[in-house]
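Q: Once you've had a glance at the structure underneath, I'll fire off some questions.
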Amino acid sequence: MEAPFKQRDEVTEFIKANRELFEQKLLSEAVNVASKINEILQKGNIDLLKNAERLIVYIVEEQEEELIAFAEQEGLAWAEHSLTVAFKLEWVQAIRRTLWHFLYQFDRMNNSFTDREEFFPLEKKINDRVDQFLNTFFLSYTKYKDEMLNSQRKLVEHLSVPIIPISSTVAVLPLIGMIDEYRMQIIEEKVLMDISKLKVHTLIMDLSGTAEMELNVIDHFQKVLNGISMMGSKAVITGMRPQLVRNMIHAGINFEQKAETRGTLQQTLKSYLDNEAK
């Protein structure tokens, strides 16, 4: 590891002693963000000026672990409150420029960086720390957003697998739209869980809204039908469309041993409801 920055304590104290000038310079460097400071404070409880000083201390005093933890915390906070990333980028770049401005002022007063062998490693250290903060911030921000999108997608997929009880023992699952391998996994999870929870004896699965499935999805669907049988329930398939049936015929696939197949959902519901009414 390179030698530590010799004047780091003095630089930190110099910036803190001139906090008001530092903040003025920082706000002048980040014009777009300056007008949003109060809004960001109210929306996300994020004090940009206070956090800027905190970041400066971590950079100057080479507190790498604290800097990384702070960047992760900031990325999470900005993602949670959906704050504009462009403002963060502008703000951190303004912090970089303002820090160098104050390093220049410090050097003018103390003549600290006359040695080229000391100045250029210092320049690399400081800029690397700023870049490290930005990289860690964006990784944390992106990770949170990705997890949130995956969670929302899973929620939407679960909502798109509506198992509707029509009696104490019979339920309907209308499947609409494209069914890929991911969605079939959701169907499998939802079907097996709801059969147990709702005490379903017969599950009517209507495929009239599904034009076709890939062969690997059809194979997975057969396993779902096996699972329904293993749960002690009966699967009834209605509304199979010609293209889907044609694909299954040519692939040598049928559901006869795994499920009862009927024409339309309307006819099937009428038949089951009439039987229960007797």
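Q: May I ask you to verify whether ILE218 is free of Cβ contacts under 8 Å to residues at least 40 places away in the same chain, touching a strand residue (DSSP E or B) at 6+ places or on another chain (Cβ under 6 Å) and in a helix (DSSP H, G or I)? Working first, answer last.
A: Values: free of Cβ contacts under 8 Å to residues at least 40 places away in the same chain: yes; touching a strand residue (DSSP E or B) at 6+ places or on another chain (Cβ under 6 Å): no; in a helix (DSSP H, G or I): yes.
Spelling it out, it is not the case that ILE218 is free of Cβ contacts under 8 Å to residues at least 40 places away in the same chain, touching a strand residue (DSSP E or B) at 6+ places or on another chain (Cβ under 6 Å) and in a helix (DSSP H, G or I).
Q: Only one of these conditions is not met by VAL224: (1) modelled with pLDDT of 90 or more; (2) within 17 Å of ASN247 (Cα to Cα). Which number is it?
A: For VAL224, the exception is condition (2).
Q: Within segment 161-187, can you find the residues that are part of a loop (DSSP other than H, G, I, E, B) and among the aliphatic types (A, V, I, L, M)?
A: At the first step, the residues of segment 161-187 found to be part of a loop (DSSP other than H, G, I, E, B) are 161-163, 166-169, 177-180.
Scanning segment 161-187 gives VAL161, ILE163, ILE166, MET178, ILE179.
Q: I've got another one for you. Does ALA69 satisfy the condition of being part of a loop (DSSP other than H, G, I, E, B), surrounded by fewer than 16 Cβ atoms within 10 Å (Cβ to Cβ) and either at pLDDT below 95 or not acidic (Asp, Glu) (or both)?
A: Numbers: part of a loop (DSSP other than H, G, I, E, B): no; surrounded by fewer than 16 Cβ atoms within 10 Å (Cβ to Cβ): yes; either at pLDDT below 95 or not acidic (Asp, Glu) (or both): yes.
For ALA69, the condition - part of a loop (DSSP other than H, G, I, E, B), surrounded by fewer than 16 Cβ atoms within 10 Å (Cβ to Cβ) and either at pLDDT below 95 or not acidic (Asp, Glu) (or both) - is not met.
Q: Just to check your reading of the model, which residue among ILE40, ILE15, ILE59, ILE46 is outside any helix (DSSP H, G or I), in the same structural domain as VAL85 (by TED's automatic domain parsing), buried (at least 16 other Cβ atoms within 10 Å of the Cβ) and β-branched (Val, Ile, Thr)?
A: ILE46
Q: Given the structure, is GLN257 surrounded by fewer than 18 Cβ atoms within 10 Å (Cβ to Cβ) and either part of a helix (DSSP H, G or I) or modelled with pLDDT of 90 or more (or both)? Explain how you work it out, then say what you get.
A: Details: surrounded by fewer than 18 Cβ atoms within 10 Å (Cβ to Cβ): yes; either part of a helix (DSSP H, G or I) or modelled with pLDDT of 90 or more (or both): no.
When the stated conditions are applied, GLN257 does not pass them.
Q: Which pairs do you get when a residue that is assigned by TED's automatic domain parsing to the domain that holds LEU27 and on the phi < 0 side of the Ramachandran plot, found in segment 81-103, comes within reach of a residue that is of a type outside the set (A, V, I, L, M, F, W, C) and surrounded by 21 or more Cβ atoms within 10 Å (Cβ to Cβ), reach meaning Cβ atoms under 8 angstrom, with the pair 6+ apart or on two chains?
A: As it stands, the answer is VAL85/TYR141; LYS88/GLU74, since those pairs meet every condition given.
Q: To continue, here is another question. Got a number for residues in segment 42-79 being in contact with a helix residue (DSSP H, G or I) (Cβ under 7 Å, 6 or more places away or on another chain) and either over 23 Å from ARG97 (Cβ atoms) or among the hydroxyl-bearing types (Ser, Thr, Tyr) (or both)?
A: The qualifying residues number 6.
Q: For ALA211, only one of the following conditions fails: (1) touching a Lys or Arg at 6+ places or on another chain (Cβ under 8 Å); (2) under 25 Å from TYR272 (Cβ atoms); (3) surrounded by fewer than 17 Cβ atoms within 10 Å (Cβ to Cβ). What is its number?
A: (2)
Q: Taking interchain pairs and intrachain pairs at least six residues apart, which have beta carbon atoms under 6 angstrom, with the first residue in segment 249-278 and acidic (Asp, Glu) and the second modelled with pLDDT of 80 or more and surrounded by 11 or more Cβ atoms within 10 Å (Cβ to Cβ)?
A: GLU260/VAL236; GLU276/SER167
The values are calculated or read from the model by the stated rules, or taken from the named source; none is laboratory data. This one's a predicted model, so the numbers in the text were calculated from it and none came from an experiment. Don't worry about glycine lacking a Cβ; one is built from the backbone with ideal geometry, like all the others, and counts go over all protein chains shown.
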